[in-house]
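Report on one structure; see the data block that follows.
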């Protein structure tokens with residue numbers, strides 16, 4: 001899970017996990033997140049039995065907003081609430097801000 005203003009550094013997450021990870025194909029994503037609209041997957045992937053990584057850059061903001069599985073509903077919570085929600089997620093630095 002990274003901020004919408006960032007890009008994933010695949011090499012960083014590979015180094016932190018020690019695994020040769022790659023981006024999931026769209027068909028694989030749709031298979032896991034069947035009840036979500038394309039491009040609106042909520043960050044709580046643990047609810048789908050998927051291991052989740054949280055980029056620490058999200059924690060520098062007072063609030064977090066994310067789509068709730070479709071492009072109509074937006075969830076807002078404090079960063080503290082979000083950290084509690086994502087307690088089982090692995091954390092690290094693996095994104096960079098867009099220029």
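The values are calculated or read from the model by the stated rules, or taken from the named source; none is laboratory data. Model, not experiment: these values are computed from the prediction. Because the Cβ atoms are built from the backbone with ideal geometry, glycine has one as well, and the counts that use them run over all protein chains shown.
Tabulated data
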{"quantity": "Selection from the stretch 42-69 of residues that are touching a strand residue (DSSP E or B) at 6+ places or on another chain (Cβ under 6 Å), farther than 30 Å from residue 18 by Cβ and in a loop (DSSP other than H, G, I, E, B)", "calculated": "68"}
{"quantity": "Those residues of the stretch 75-97 which are closer than 20 Å to residue 32 by Cβ, over 12 Å from the mean Cα position of the chain (by Cα) and in a loop (DSSP other than H, G, I, E, B), in sequence order", "calculated": "88"}
{"quantity": "Top-ranked residue of the stretch 45-54 - restricted to ones that are modelled with pLDDT of 90 or more and closer than 17 Å to residue 77 by Cβ, ranked as surrounded by the fewest Cβ atoms within 10 Å (Cβ to Cβ)", "calculated": "52"}
{"quantity": "Residue that is farthest from residue 74 (Cα to Cα) [pool: residues in the stretch 1-32 that are outside any helix (DSSP H, G or I) and in contact with a helix residue (DSSP H, G or I) (Cβ under 6 Å, 6 or more places away or on another chain)]", "calculated": "21"}
{"quantity": "Yes/no for residue 72 being without any contact (Cβ under 8 Å) to a residue 12 or more places away in the chain and part of a loop (DSSP other than H, G, I, E, B)", "calculated": "yes"}
